[in-house]
Amino acid sequence: MVAIDAVRANEEQWKGWEEEGYVVVEGAVSGESLARLQSAFDRGVEASKAAWLEDVAVGHRSSSYFDLPNAFQQDDIFLDMVDNPNTLGLLRDFLGEDMIARGLTARSVPPCPISYVGWHPDMHRDRHPQHIKVQVYVNDVAEERGAFAYVPGSHKEGAGPYPRVKHLDAMPGHRVLPGKAGTAVIFNTYGWHTSMINRTLEPRKSLIMSYCVFHELNDRWSQAPERKRARAEMRAKLSPERQYLFGHDRGDGTGKGQKAEGRGRAEDKKR
Amino acid sequence: MRSERQRKAWLTVAEVLVKIDAHVHVFSKVTAEFPREANDQLPAEDEAPVERLLKTMDDTGVDRSLLIQIGGTSIEHHAYLLHCLSTYPERFLGIGRIPDDVDDPVDHMDRLAETSGVIGFRLFGLGGPEPLQPVDIREFRTYPIWKRAAEMDYVIWLYPRSIDVHLVPFLLEAFPQVRVGYNHLMVSPGTENFQMENGRPRIETRMPPAHRQFVRGMSRFENVRALISGQYAFSNEAWPYADLRDWQHYLARLFGADRLMWGSDFPFVTEEYGDEAGYGGQVRLVEEVYDEWTGEERGMISGGNAEGFLRFK
Amino acid sequence: MSKIDALAHVFVKPSAEFPRETSEGLPEEREAPVELLLEQMEANDVSQAVLVQVGGEAIEHHAYLLKCLKDHPGQFRGIGRIPNDVSDPIDHMNRLAGEGDIIGFQLERFGGPLDPLSPMNMNEWAMTPAWEHAAEKDFVLYVYPDASEVHMVPFYLEAFPQVRVVFKHMMVCPGQGGATWKDGQPHIEVRKPSITRHTTAEFYQFENVYSIMSGAYAISDEDYPYKDLSGWHAPGSFVGRYGADHTLWGSDFPFMMKDPGYAKTVELMPTLLENAAERDLAQVMGEAAQRILRFREE
Amino acid sequence: MTVDVADGVREHLEETGYVVVEDAIVGEELARLQEAFNRFSDEARPGWLEQVAQGRGSSAFFDVGGSLEKDDVFLGLVDHPSFFPILMDATGGELLFLFPQVRTVPVSPVSYVGWHSDMPHTNPLHLKVQIYVNDVPADRGPFAYIPQSHKPGAGPYPSVKKLDHMPGHRPLPGKAGTAIVFNGYGWHTSMVNRTPVPRKSIILIYEKWNEARWDPEQWQGIEEKLTTPERRKLFGIER
């Protein structure tokens, strides 16, 4: 279930979602909770940066970006972000009640004359079920601070082809989406996106959360012991709603779980 | 049917018939005339004399090669390299080294490049801040080296460690006119997974490397060339190192056939170092890896590109 | 891989249903119906084509183009026109593109100062909003600048790197009175070797600039295969710099039908690019257009 | 013949292929030069624009024709004492003046010319002098040269999309009145002008005296101004 007070998609947001493949929600996180998020994020980075740098030195990880390890254990504010009422309602509209949260990444992208990632879709329409990502800026992200960018309409069936470009800003028809801290970008992962070049002196800090439809899942939950343990530990902290949102007691993730009844999703909701 | 020559004309690439080995080492025993540092990799009694290299090249049809300094960074440590360059100017060009703690790197560079066939310098560490720290390239220890390379058209022979890779794009952007040869498949290995095996490097690293995003991004800088070399050190398989094939084709897609250069890493690929395929295997490697490419493209990788980029005469 | 004609025109005699303007090259009685083009394409293994509007720039003048796009979905892409005096070019673009397969527009005016030595402030240029809108909507721009306006183009290319810009007619920029008609065929008077040397030839450094090697029949002073144009096709020259993946082929149908005709026009690039690799020719003859203009595989 | 040139100048020209002469033209003379340059450029501009519009001329730059006939301040540059000795020294006194280019280069994101060499070594020594008529800072399309690229067998040099990617090149900005003497065998270009102001310069073109280039007719129009034997030889009026 989703909190009743969740904000729902308005006409304009529906149009943006269907036509362009993304919706920007300004002020999705603000005030007290934004401050908590920012301090938790920075504390987390400080606490775990050394280990990351070691991995970089050994050659096991890339220095092009840094993801906070197990953010949920670091602070509950990260959990609050996953069912943030300012975005969750829209996600339910776009995915339906049977939605499930797949995870959260707390990412720092250092300044660099090149981007850590090129233009790409995460998912392929013919191979994967619908996934949605929500990117929440944790610090102010001006255009030149490696803002998220998307090719409007590239999520549609038969869109493209899109060329390999040497310079990110040469991607035909792309749109750069800068935003203040607390801005959320909800985007369709079938669409082409990237992170532009960060030419400022500060890293770009953001959360990237992933959602999809439970009964469409075609991958098993990782059966690795540590993964199961982590899920079990985390479950202890979750309210029933959150347990449901994270897929607990909903089968093994192969879609065999009970499908939530009568809960439509975007495609069924053609108005 | 179009001739190779005609094809080249359309592609306007350099003459591709020449074979050039863009990464080899020669060294002598430690002597008064040719002092050098001795260590596990290079015991004082070991030697890889230039005559042996020349014979190996002649036996395998390699015309020229680029000698990379090994066995120390001070001027006197370069004695054998300089000797080889001045003795066989028509066969070799050279890459020198610079001590990390040298007071005046510019003077060091100019002195080495002045009279000999030294066309550039090899860099490992770049002397900049760690990831997530503010970056000002003017504060890098190696900034004066890059600046001088830009002024004098020296080549930078780059083999950074993984902890330094994030600094490279800043330098490439600031010095677009500097020719950079990025060593050993652009795998910038980590510090802790170097070992010696049969007296040659054995580097445990995952492929594709963790910093592949950087590799993709750096390919847009026009003056970077990727060295198709060092496979033996990274591969978990015997020649032709099938586990590296995908990565080598990825590099080819990024850089195009005209921005790859083959190098052998002689002498560490010879039988003396327990390499079964030997130098001949290295010479055949480009053909083996890029088997679906045209002969002309393979020719560019095996020498045509190095001839133009390094200006072999 | 079958071929894609990146520059063709279709039109019928003016009628209530399909109004169009008439001109020296497009007299009232002249017509080039889509059926004729399809016939030529089929006969020469050309599977798809870009139809560029002729015969007027008003919305209603596009009636026949829109019909052809509608009747042959997937086979054609359309390039519309914008009246120089239109009050709201953006609305004009949207209304035409709203119709579906219109993927962009042809521009011949750039709205900046004709004197290259005067201050270049793009914010004041009449066409800047159209370029902004093209960037916003991912429209393709076919450009055919006059010699007196080409100096404005690189400012747009730099400001809008994400806009696909396609130059027709080998990137030549005819001067006033440089384009004339003779027996229904155009002739474009340009200095050879190409005067593009100092201008459009340098635009290859922008990733989204593409060149259609069309109009040779009109530009050349010689008979087919127009060897006096080797300055463009010779190895390492114009085409070589842009690269096969940035070079398109176009017939300029129907204006070259009398001489040399469609079949010979299809054969022209393979003839002039005699040294090209097969895969490069495949790019020029269709693969590049398929990718850049987003034609679906037939 | 030998000519006195400052210490190191000959060596610098021989070694790098160019020599920068700062303040070659100064004060009153510079003011006159700028005034004449601007006056004749303004006169020539409409004709140039017409040429451009007709497709008979390039909009990428424009030259004032007949400058030597128009004003002695231009003529005075051809054997100007500030750099003339360098040219004479480089050619052993066997210098032939070919022609001037009084050139204005508009602002543009692309340069009007790529990296190139003017002449192959089979051609007699080809020397040029680039004189900045207005201030040319690094971002106003300064002349740029690849040191040592004038030497036989130098290079090869790659074709680069962005001018500043040329290996080992050196842009040569300078104040108004700066003169750059360079060897035309070497690779050079004009960098991109990103300022709001066009670059104004005069390019003087010379060669070591040779029969093929000698045209006694060429400067008949200004013969009465070519009174000294040196000038008459320099302009090819007499052998």
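The values are calculated or read from the model by the stated rules, or taken from the named source; none is laboratory data. Computed from a predicted structure; not experimentally measured. Every residue, glycine as well, gets a Cβ built from its backbone with ideal geometry; the counts of neighbours run over all protein chains shown. For accessibility, only protein heavy atoms count, side chains too; no ligands or nucleic acids. Shrake-Rupley method; radii C 1.70, N 1.55, O 1.52, S 1.80 Å.
Scan the stretch D:133-143 residue by residue and report those that are in contact with a Lys or Arg (Cβ under 7 Å, 6 or more places away or on another chain) and either crowded, with 23+ Cβ neighbours inside 10 Å or charged (D, E, K, R) (or both). So that I can check it myself, show each step before the final result.
Taking the stretch D:133-143 as the starting set, the residues that turn out to be in contact with a Lys or Arg (Cβ under 7 Å, 6 or more places away or on another chain) are D:133-136, D:139-141.
Matches in the stretch D:133-143: D:Val133, D:Asp135, D:Val136, D:Asp139, D:Arg140, D:Gly141.
Test A:Glu46 against the criterion of being assigned to a helix (DSSP H, G or I) and either closer than 24 Å to A:Ile197 by Cα or within 8 Å of chain B (Cβ to nearest Cβ) (or both), and give yes or no. Judged against the criteria, A:Glu46 is a match. C:Ala218 satisfies every condition listed in (1) closer than 26 Å to C:Ser23 by Cβ; (2) in a loop (DSSP other than H, G, I, E, B) except (2). If the condition is being in a loop (DSSP other than H, G, I, E, B) and modelled with pLDDT of 95 or more, then the stretch D:1-28 contributes D:Gly17, D:Glu22, D:Asp23, D:Ala24, D:Ile25, D:Val26.
Within the stretch C:222-232, the set of residues being open to solvent by less than 20 Å² (accessible area, probe 1.4 Å) and either at pLDDT below 80 or not in a helix (DSSP H, G or I) (or both) comprises just one member, C:Tyr226.
Anything in the stretch C:119-137 that is over 25 Å from the mean Cα position of the chain (by Cα) and within 9 Å of another protein chain (Cβ to nearest Cβ)? List them, or say none.
Filtering the stretch C:119-137 down to residues over 25 Å from the mean Cα position of the chain (by Cα) leaves C:119-121, C:123-124.
Those that are over 25 Å from the mean Cα position of the chain (by Cα) and within 9 Å of another protein chain (Cβ to nearest Cβ): C:Pro119, C:Met120, C:Asn121.
When the stretch A:49-79 is filtered for residues that are without any contact (Cβ under 8 Å) to a residue 12 or more places away in the chain, buried (at least 19 other Cβ atoms within 10 Å of the Cβ) and of a type outside the set (A, V, I, L, M, F, W, C), the ones remaining, listed by number, are A:Gly59, A:Arg61.
Is it the case, given these coordinates, that A:Ala149 is within 25 Å of C:Lys137 (Cβ to Cβ), without any contact (Cβ under 8 Å) to a residue 40 or more places away in the chain and within 14 Å of chain C (Cβ to nearest Cβ)? For A:Ala149, the condition - within 25 Å of C:Lys137 (Cβ to Cβ), without any contact (Cβ under 8 Å) to a residue 40 or more places away in the chain and within 14 Å of chain C (Cβ to nearest Cβ) - is not met.
Among the residues of the stretch B:177-207, the one identified as among the aromatic types (Phe, Trp, Tyr) and more than 12 Å from chain A (Cβ to nearest Cβ) is B:Tyr182. For C:Glu189, the conditions (1) under 30 Å from C:Glu29 (Cα atoms); (2) more than 13 Å from chain D (Cβ to nearest Cβ) all hold with the exception of (2). Test A:Lys205 against the criterion of being of a type in the set (Lys, Arg), crowded, with 18+ Cβ neighbours inside 10 Å and more than 14 Å from chain C (Cβ to nearest Cβ), and give yes or no. So A:Lys205 fits the description; yes. In summary, strands (runs of 3 or more DSSP E) completely within the stretch D:154-238 and bearing 2 or more residues that are of a type outside the set (D, E, K, R), under 30 Å from B:Ile119 (Cα atoms) and touching a Phe, Trp or Tyr at 6+ places or on another chain (Cβ under 6 Å) occur at D:179-183, D:187-190.
Surrounded by fewer than 24 Cβ atoms within 10 Å (Cβ to Cβ) and within 14 Å of chain D (Cβ to nearest Cβ): which single residue out of B:Ala149, B:Ala210, B:Ala174 fits that description?
Values: B:Ala149 fails: surrounded by fewer than 24 Cβ atoms within 10 Å (Cβ to Cβ); B:Ala210 fails: within 14 Å of chain D (Cβ to nearest Cβ).
Exactly one of B:Ala149, B:Ala210, B:Ala174 is surrounded by fewer than 24 Cβ atoms within 10 Å (Cβ to Cβ) and within 14 Å of chain D (Cβ to nearest Cβ), namely B:Ala174.
Those residues that are away from chain B (no Cβ under 14 Å), open to solvent by 60 Å² or more (accessible area, probe 1.4 Å) and part of a helix (DSSP H, G or I), I need them from the stretch C:259-286; list them, please. Across the stretch C:259-286, the qualifying residues are C:Lys264, C:Glu267. Restricting attention to the stretch D:31-65, the residues being out of contact with any Gly (no Cβ under 7 Å at 6 or more places or on another chain), small (Gly, Ala, Ser) and outside any helix (DSSP H, G or I) number 5. Mind listing just one residue for me: the one in the stretch D:192-212 that is within 24 Å of D:Ile86 (Cβ to Cβ) and touching a Leu at 6+ places or on another chain (Cβ under 6 Å) and, of those, most open to solvent (accessible area, probe 1.4 Å)? Among them, the one singled out is D:Lys208.
The lone criterion from (1) touching a helix residue (DSSP H, G or I) at 6+ places or on another chain (Cβ under 6 Å); (2) open to solvent by 40 Å² or more (accessible area, probe 1.4 Å); (3) of a type outside the set (Val, Ile, Thr) left unmet by B:Phe194 is number (1).
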